Amino acid sequence: MSTTTDSSNRCFSDESACTGHPHSATQVWGTREFAFETRAIHEGFAPDPLTGDVVPPLHVSSTHVQNAPGDLKEGFEYGRCGNPTTNAFASALARLEGATHGFVFPSGMSAEDTVVRLLTRPGSHIVHSTDVYGGTHKLFSVVKPAEGWTSTSVDLSQGDAARKRLESERPDLVWVESPSNPFLTVTDIRSIAEVTHRIGALLVVDSTFATPYLQRPLELGADVVVHSTTKYIGGHSDIVGGAVILRNGLEIPSSITPLFGSRDAAEELRCLQMAIGAVQSPRDAHLAHRGLKTLGLRVARHCDNALAVAQFLSAHPRVAAVHYPGLSTDPGYDVASRQMPRGCGGVVSLQLRSEAEALALCTSTHVLTLAASLGAVESLIEHPAIMTHSTRAGGGGGVPGTLVRLAVGLEDPSDLIADLDHALNSLPA
Ligand SMILES: *Cc1c(COP(=O)(O)O)cnc(C)c1O
């Protein structure tokens, strides 16, 4: 839901006088600017003056009493149009990305689809990173083409070649996933933002693998950030959710007609989200917000553990290749060192010499669990070509059957390494 402290939560009325619900803690105390970890704990909610609650209460009511018809208390009207719990989470996440307007969704995919609807129309052209999450690939290669969009995938991590392709493709929207799923490709967001804006397009960055702790795309020139909050932000494999954060002042492109009459992208998204009902359950938002408070702590440890695992795998004779931008030998290392200096996240991919070996590895670990997803406390192992990227399976730029993806969790890294060592050494020769 909309987080703003200055806009209405209403959906049944055009009046814009309502003030919404300003849940927000102080970001600056005197002249002191608080650090990420401090803000992750305090943004989005100040202790409730009435009850003294120190955490945002879980508001489950689907409707709110009105003083008189259309005269709302605190701006809340009906569950699809705004909820104090979801607003607190969306506000906190937006502020951690360096923005004021955040919106939370029932899934990452729902967030992605809504962004495309907000900023483009049937007939628009989208260029997206070649390496993207399987669901994102399906959205751009199956769903959107059937609805009248065109899309092309371009390896946006390839500097000059990528800039030339963008100039010739002339897209309306550029969609970067960095680091990408499942190859951990790193794209220089600042450089892609510059060419995107020069050709009059908008830039969306799927920053799910990085989280705002490691990378803040809006500060690098992106217009929109999307997250699957199912992953690191939730962090405990117990919710599905998504988020969209808009750069402050973002406008709907002049080439399209705003559905609800406003050029202000935040206002349009607020109306679009309530019109299509793509809203997160307050119960899930509450859990995601709890996850957000420990995000920095968890992601820092994910990075340490993943680097240790990647270094171990690089030296193992049964491993044909390792993809992790924290390794100095990785093609993404230089850009990652600048763009996400605190670390490269918890996902590591590796290639075996055959698909049979990759499949055998997936069923030979004991601490790493065979399951899709990533970003939670427990380590997972999965086979992308079968489990998460089947629409992209195959050779020629696709996802090969030799690839295995690890979501390195928060167990002791020596236990993870021992588990992988044992599993690799017991592969049939
Ligand atoms: C999981 C994921 C998504 C989709 O999110 P859901 O919450 O599963 O809908 C999008 N992008 C990336 C990079 C992901 O890992």
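The values are calculated or read from the model by the stated rules, or taken from the named source; none is laboratory data. Here the structure is a predicted model, which means the values were calculated and not measured. In this analysis, Cβ positions are derived from the backbone assuming ideal geometry, glycine residues included, and neighbour counts consider all displayed protein chains. Note: accessible area is taken over every heavy atom of the protein model, side chains too, but ligands, DNA and RNA are not part of it. Shrake-Rupley method; radii C 1.70, N 1.55, O 1.52, S 1.80 Å.
Okay, here's what the table says:
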| quantity | calculated |
| --- | --- |
| Matching entry among THR402, THR369, THR388, THR365 (being more than 16 Å from the ligand (Cβ to nearest atom), open to solvent by 10 Å² or more (accessible area, probe 1.4 Å), under 18 Å from SER180 (Cα atoms) and touching an Asp or Glu at 6+ places or on another chain (Cβ under 8 Å)) | THR402 |
| Index of the failed condition, ALA111 passing every other in (1) in contact with a helix residue (DSSP H, G or I) (Cβ under 9 Å, 6 or more places away or on another chain); (2) open to solvent by less than 60 Å² (accessible area, probe 1.4 Å); (3) within 16 Å of the ligand (Cβ to nearest atom) | (1) |
| Residues (in contact (Cβ under 8 Å) with a residue 40 or more places away in the chain and either hydroxyl-bearing (Ser, Thr, Tyr) or crowded, with 18+ Cβ neighbours inside 10 Å (or both)) located in region 42-79 | GLU43, GLY44, PHE45, PRO56, HIS59, LEU72, GLY75, PHE76, GLU77, TYR78, GLY79 |
| Check on ARG290, touching a residue at least 40 places away in the same chain (Cβ under 8 Å), within 15 Å of SER110 (Cα to Cα) and out of contact with any helix residue (DSSP H, G or I) (no Cβ under 8 Å at 6 or more places or on another chain) | no |
| Among (1) more than 14 Å from the ligand (Cβ to nearest atom); (2) open to solvent by 10 Å² or more (accessible area, probe 1.4 Å) - the single one ILE192 does not satisfy | (2) |
| Those residues of region 115-172 which are under 15 Å from ILE192 (Cβ atoms) and within 16 Å of the ligand (Cβ to nearest atom), in sequence order | ILE126, HIS128, SER129, THR130, ASP131, VAL132, SER153, LEU156, SER157 |
| Count of region 100-155 residues which are among the aromatic types (Phe, Trp, Tyr) and under 17 Å from PRO171 (Cα atoms) | 2 |
| Restricting region 223-258 to residues that are small (Gly, Ala, Ser) and outside any strand (DSSP E or B), the residue that is most open to solvent (accessible area, probe 1.4 Å) | SER254 |
| Close pairs from region 193-209: first among the acidic types (Asp, Glu), partner assigned to a loop (DSSP other than H, G, I, E, B), Cβ under 9 Å, at least 6 apart | GLU194/GLY221; ASP206/VAL132; ASP206/TYR133; ASP206/SER178; ASP206/SER180; ASP206/ASN181 |
| Test: residue in region 134-153 that is under 18 Å from the mean Cα position of the chain (by Cα) and within 18 Å of GLY345 (Cα to Cα) | no |
| Single residue of GLY234, GLY261, GLY241, GLY249 found to be farther than 23 Å from HIS128 by Cβ, within 13 Å of the ligand (Cβ to nearest atom) and not basic (Lys, Arg) | GLY234 |
| Residues of region 272-281 satisfying the condition of being open to solvent by 30 Å² or more (accessible area, probe 1.4 Å) and assigned to a helix (DSSP H, G or I) | ALA275, ILE276 |
| Region 335-357: number of residues that are over 25 Å from the mean Cα position of the chain (by Cα) and of a type in the set (A, V, I, L, M) | 2 |
| Among the residues listed as VAL104, VAL115, the single one being out of contact with any Cys (no Cβ under 7 Å at 6 or more places or on another chain) and over 20 Å from LEU292 (Cα atoms) | VAL115 |
| Failed criterion for TRP175 (all others in (1) of a type in the set (Phe, Trp, Tyr); (2) away from the ligand (no atom under 16 Å from the Cβ); (3) under 18 Å from the mean Cα position of the chain (by Cα) hold) | (2) |
| Positions within region 91-108 being in a helix (DSSP H, G or I) and more than 8 Å from the ligand (Cβ to nearest atom), in sequence order | SER91, ALA92, LEU93, ALA94, ARG95, LEU96 |
| Failed condition for GLU411, given (1) more than 27 Å from PRO428 (Cβ to Cβ); (2) open to solvent by less than 50 Å² (accessible area, probe 1.4 Å) | (1) |
